[in-house]
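The values are calculated or read from the model by the stated rules, or taken from the named source; none is laboratory data. What you see is a predicted model, and the numbers here were worked out from it, not measured in a lab. Cβ placement follows ideal geometry from the backbone for every residue including glycine, while neighbour counts extend to all protein chains displayed. For accessibility, only protein heavy atoms count, side chains too; no ligands or nucleic acids. Shrake-Rupley method; radii C 1.70, N 1.55, O 1.52, S 1.80 Å.
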Amino acid sequence: MSDSSAGRAASPAPAGGASAPPNAPEKVVKLRHPWRIVVAVLLLAAVAVFVIDAAQREAFDWGSVGKYVFDKRVTQAAGFTLLLTVLSMIIGVVLGIILAVMRQSPNPVLKSVAWVYLWIFRGTPVYVQLVFWGLLATIYSSIDLGVPFMEPWVSFPTKVLFNAFWLTVIGLGLNESAYMAEIVRAGLLSVDPGQHEAATALGMGWGKTMRRVVLPQAMRVIIPPTGNEVISMLKTTSLATAVPFTLELYTRTRDISVEIFNPIPLLIVASIWYLAITSVLMVGQFFLEKRFARGVGARPDAGPGPVTASMSAVEFDESDAGIAAKHGGDAR
Amino acid sequence: MSEQTTAPAGVTAAGDASVPMVRAEHVSKSFGSNEVLKDISLEVKRGEVLCLVGPSGSGKSTFLRCINHLEQVSSGRLAVDGQLVGYREVGGRLHEMHPKEISKQRRDIGMVFQRFNLFPHMTALENVMEAPTQVKGLSKAKAKARALELLARVGLAERADYYPAHLSGGQQQRVAIARALAMDPKLMLFDEPTSALDPELVGEVLDVMKELAKTGMTMVVVTHEMGFAREVADTLVFMDGGVVVETGDPRAVLADPQHQRTKAFLSKVL
């Protein structure tokens, strides 16, 4: 294929060269990709066959899908799933940052505590952890205040304190924080050590250096894998049934499917909602990434700050841009 | 700039005009078994500009970093303005200071790095304002006024709102100098400030440093710019293999080096 088109491009050159006006841009025969079109057409045809077939297939029961997709129980369950995701990710991110900073700390006590925490929470399956959280009220039937191993001063029964929703949030959040800690640590390590030195030389303490200088720069590296974690968490909430918390999307749709003796349409309903929520979260990630890309590189799409945009357009010459790009690259 | 920050009570020597700004006595420094500084003794007087030159690996940058305790000395005594850096001497023994106290000492010592190390997520103005607001607790308005003044002084008033990535190397280094000056240091350390610059940008940074020297700032400069050393420095120190080989008036040393190693080095760089 490509041989024949190359031959066509080359053959008119000696003859046509004389007749073409000398300064006109030469017409170049674009390289064709006929196989792409063939593959695309075949794929489209396959998809069409699948869709037409699926639409007629009784097992999918599209009537029930339509009936239950906006069912109040289902929308409420989608809300709970989103809430579980958001709350446990907030715990995961905040605790993850604290753990990562602890691991980088010069204080050996903080370092060891963070290490042990990670060892336990990364080393056991989240499903097992959730079952444990669900059994918390059984294991510790009361919270006692007082001297250990003596008659307590005050004692609360735990059954009233713990409810399945919050136990799920805590269980998912604590497990997530162990993974987030490693993501944050990767971000911290990606920041040039010179940044730490410069802040130190200015008289900034370790904590302030982390908060003001290192963490904001680490965010750029932290956000993409965190987006991954959020989406992963959205789906991990389906394990909440281990606690047992039964109002989230997967368990709720499964319960409905038991009522109507048909699991397939409600699997589709659940998938539609998971996909919809994921899409919304991806949009959020896009805007977060833009926010933390401030001052990075001299890429034309990033541009300087809004204040300087007009100035730089006039004054910024190419050699400056080259130097800035080079140094920006080195700094990273 | 010229006003000395008053020394805390109890430290009698600090701020005393007769005390040298930097005094190093028998300073040694090892990284593992590798001894990079061997028994260095030297003084930097108030208002003096001292240039440290020597081949790479001679220990000059390490010595500079010891002055503000970015590196800890292994033995010997190193004092800035009469105060030991990073240690307290009680009964002939050295006691480590709390990191907060060391941070306090560093406030008075400005440092400029070879790779600028500007904070890339902050504009030039924010870079200069950061330490005064965060460390000294200066109000935003005051810090901003002072930062703009300093940026004007290094010739970058109209670049205040640029991020470092949109400034040339020379401009970034000038911002870095302004950032260090914003803490009103009594001593400025320069670690090869022009080594990472394209040749045509070296001049603008050296000009700013010359102006600074004229104001009477005490400066310790690690550099390969012999022209700058000849023109601006009061003292030239040649280091090699972790020891001070030769010290003296830069014009004299550059014109007529006394040691074989100095001669060999200068014949390569001049």
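In this structure, B:Asp207 and B:His95 have a Cβ-Cβ separation that, at R0 = 30 Å, corresponds to a calculated FRET efficiency of about 0.10. Per-residue ellipticity at 222 nm computed for the protein assembly as shown from its helices equals -17000 deg cm²/dmol, with DSSP H segments shorter than 4 residues left out and the rest contributing -39,500 (n - 2.57).
Accessible surface area normalised per residue over the range A:202-283 is 44 Å², counting heavy atoms of protein chains with a 1.4 Å rolling probe. For the range A:130-256, a Kirkwood radius taken over Cα pairs fed into Stokes-Einstein (20 °C, viscosity 1.002 mPa s) yields D = 118 µm²/s. Percent of Cα pairs in the range A:199-268 per distance bin of 10 Å, from zero to the largest separation: 17, 25, 19, 15, 13, 8, 3. Among the residues of B:100-113, the average count of other protein chain beta-carbon atoms within 10 Å of the residue beta-carbon is 3. Averaged over the residues of peptide A:287-294, the number of Cβ atoms from other protein chains lying within 10 Å of each residue's Cβ is 1. Once both labels are positioned 7 Å from their Cα atoms along Cα-to-Cβ, the gap between B:Glu200 and A:Ala55 label points is 6.6 nm.
Relative to the Cα centre, the charge distribution of chain B, modelled as +1 at Lys and Arg Cβ and -1 at Asp and Glu Cβ, gives a dipole magnitude of about 540 debye.
Spin-label model, A:Lys111 to B:Lys104: label points 7 Å out along the Cα-to-beta-carbon direction sit 2.7 nm apart.
Considering only alpha-carbon pairs that sit under 8 angstrom and 6 or more positions apart, the relative contact order computed for the range A:147-263 is 27 percent. Take each residue in B:154-164, count the other chain C-beta atoms within 10 Å of its C-beta, and the mean is 4.
When each of the peptides B:255-264, A:76-85, A:126-135, A:282-291 is scored by the mean number of other C-beta atoms lying within 10 Å of its residues, the order from highest to lowest reads A:76-85, A:126-135, B:255-264, A:282-291. So which lysines pass the test for A:Lys235, namely a Cα distance under 24 Å, with those fewer than 8 places away in the same chain ruled out? By straight Cα distance, A:Lys235 reaches A:Lys67, A:Lys72. Here's the picture: a label point sits 7 Å out from the Cα of A:Asp71 along the beta-carbon direction, and within the range A:225-255 the residues with their amide nitrogen under 20 Å of it are A:238-241, A:245-255.
Taken about its Cα centre, the protein assembly as shown carries a charge dipole of about 800 debye when Lys and Arg each add +1 at the Cβ and Asp and Glu each add -1 at the Cβ. Largest first, the extents of the alpha carbon coordinates of the protein assembly as shown on the three principal axes equal 107, 99, 49 Å. Remark: relative contact order (the range B:102-225) = 35 percent; criterion is Cα-Cα distance under 8 angstrom and separation of 6 or more residues.
Over the range A:36-182, what is the relative contact order in percent, taking alpha-carbon pairs closer than 8 angstrom and at least six residues apart?
33 percent
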